[in-house]
Structures are given as structure tokens and as C-alpha cells.
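Read through the structure below, which is laid out as C-alpha cells, and then see the notes.
Derivation of every value follows stated rules applied to the coordinates shown; laboratory data play no part. Since the structure is predicted, the reported quantities are computational estimates derived from the model, not experimental observations. We place every Cβ from the backbone using ideal geometry, glycine too, and count neighbours over all the protein chains shown.
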Amino acid sequence: MLNDQAYQLRQLSESLAGRGRPFTRVVTVASGKGGVGKSNFTLNFALSLMELGQKVVVIDLDIGMANLDILMGTAPRHHLFDMVRLRKNIWEVLEKGPRGLEYLAGGSGFQQLCKLEEEERDYFFRELEKLQGYADIVLIDTGAGMTLESQRCHLSADDIILLTTPEPTSMADAYSVVKILHNQKETISFHLLINRVGHYREGMEAAGKFKMAVQSFLNRDIKIFGAIPDDSAVTRSVLKQVPFYTANPRSPASLMMKKLAVRFSDGTAVNHEKGGMKGFISSLTKMLRS
Ligand SMILES: Nc1ncnc2c1ncn2[C@@H]1O[C@H](COP(=O)(O)OP(=O)(O)O)[C@@H](O)[C@H]1O
Ligand SMILES: [Mg+2]
């Protein structure tokens, strides 16, 4: 109920300010290998986007390993699937984290989607689609690797932030992600982000090599989004269960989050005709039916 009211208030203040309803850009965070920093990035990137005035909703779809709430030190009252299980609407399951960050907790999640009755699935998607026009960005943390569910998610999104560390094994796995997704949809938009770099230059060089490999083997372009320093403030904040961006706003990783948020907010042209939350849902629905 409260969230319903908050939603209405937001619509009202936006129309008074002449802003209109936002186009809701759906962004997934992907990686080949696990443990490369996806969940930490998702959470702290969301916080830094919010600081720029972006309305962000985070969805935790890391199947079985959903742990954004652990990183925030919060205990969600509801999980995403409570919408179906308990017939809740989306505003009732939308949780609040630090600084008012809104998120949908994953629980043992997304896999179950394939097992739902058609009617339940339609209900689930109808509720999710209400995020269209509510948020500027829906940021989705997914599981590592390319399960069928996460592939479907990435293929339906407007943008994919692909995270890897500079380690050759992690880079090779990230390359497979590009290859698998590109083979199914050539128009997919990748933003490559190298995490845990010793020096910025080293990270950007690794990114450059990756871009060239993709260019020559797959004959396609990927955007280099940036490089995040290996920073002990990240590990410390994981132990404290506080996002590093709030615990240590001046740490090297936090300062980079700020830059990335600015880059992401004004860097990419958004196609207002296609995609968005509506496109995401209709693409997912089609794939689940096929
Ligand atoms: N930029 C970083 N600097 C230092 N350690 C990091 C950084 N990013 C991630 N880590 C470490 O990696 C661990 C795994 O991160 P996590 O976000 O849970 O990965 P994933 O979601 O990809 O499995 C964290 O607990 C943290 O210790
Ligand atoms: Mg994770």
C-alpha cells in the first residue's frame, strides 16, 4: 500500500515537473565465471546511479545464490516469487535497502518460472511490467555462466554489463558469454567492465585486447565500459555487510562507481521505441512459450 502511494506521488510530482514517465531501461549484469564481483557491482552501481537522481530498481535473479540482501545486511520480508505464491502485487514485494534502494529479493527464484502454470506466469509478468515507467533503470543481477534462464534474461535486456577480472580464465569465460549470446542475437549490446585491476591502465589494456578478439573472431563491436580497482574496502564492506559505496565513499572502488554511473547515464543513446521493461517482458514471455 505504501509503495502504491509512493508510486502515485512520484507520478504526480513528475507530471508537475513536466518530466513525464521515464523510459525504463533494462540492464543485466553478466559474467562467465562466478565470484568476479557481479553482486557487489550491481548493488554499489545502483547506489551511485541513485545519487545522480536516477530511479533504480534492482532485481536479484542469481538463482539459488541470491545474496544481495546479505551484502546489504537486510532481511527481506518478501521474495520475488511471493507475488505468485502469496498473490502479492509488485509494490508489496518491493523491498527497501540502504538509502532507500528498491529491490526485488531473489530467494530460490527464477528457475521456478519455467514450472509455473501459464496463468501464474502471466500474473507474474503483468506485475513485473508495472516497473515500466516507474524506474529509469531496472538492474538485474544474474547467476554466473549461461544457464538457459540467464541467457533468456540477457537476450531480452536493453544492455548487458559484462563483468570479468583480468585473469585469463575469467576473460575466456566472458568471451564464451559474448559468443553464446551473439550467436542468438547479433544486435545485443555489451558493456565490458574489468573488475579487480591492479592499475587502471592494465585493466583498459586487457579490455582493449578483449574487444579486438571479439572484433576479429565474431566480427562485432563491444563497448568498453571501464575498469574497477582491486580495493580492500570492498572486501571489508562485504564482511561488515554494508555496501562499500556507503561505507567508504572515498575508496578507489567507490570513486570509480561514481565515474561509471556518470558514463552510463549519459553515454548511451536509449531507443525509446523498442525494448524497455515492456520489451523485456514480451521477449521473455515468447521464449518461455517456445
Ligand atoms: N573491486 C574489488 N576489489 C576487491 N575485492 C573484490 C572486488 N570486487 C569483488 N571483490 C571480492 O570478490 C568477492 C565476490 O564478489 P561477488 O560480488 O559476490 O561476486 P559474484 O556476484 O560475481 O559471485 C567479494 O566478496 C569480494 O571479496
Ligand atoms: Mg553474486
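Structural remarks
- Over the chain, relative contact order from alpha-carbon pairs under 8 Å, at least 6 apart, %: 25
- Those residues of region 218-240 whose amide nitrogen sits under 16 Å from the label point placed on Lys211, 7 Å along Cα→Cβ: 218-228
- Highest mean packing comes first when the peptides 23-29, 244-250 are listed by Cβ atoms within 10 Å, giving 23-29, 244-250.
- Gyration tensor (alpha-carbon) shape descriptor, region 21-285, a/c threshold 1.5: oblate
- The mean sequence distance of close C-alpha pairs (under 8 Å, at least 6 residues apart), as a share of the length of region 90-183, puts its relative contact order at 17 percent.
- Gaussian network model of the chain, Cα within-10 Å springs - most flexible of Val138, Val242, Val56: Val242
- Approximate spin-label separation Lys96-Lys185, in nm, with each point projected 7 Å along Cα-to-Cβ: 3.4
- Annotation for region 113-221: GluC sites (Glu not before Pro) lying in DSSP loop with at most 10 further Cβ atoms inside 10 Å of their Cβ are Glu117, Glu186.
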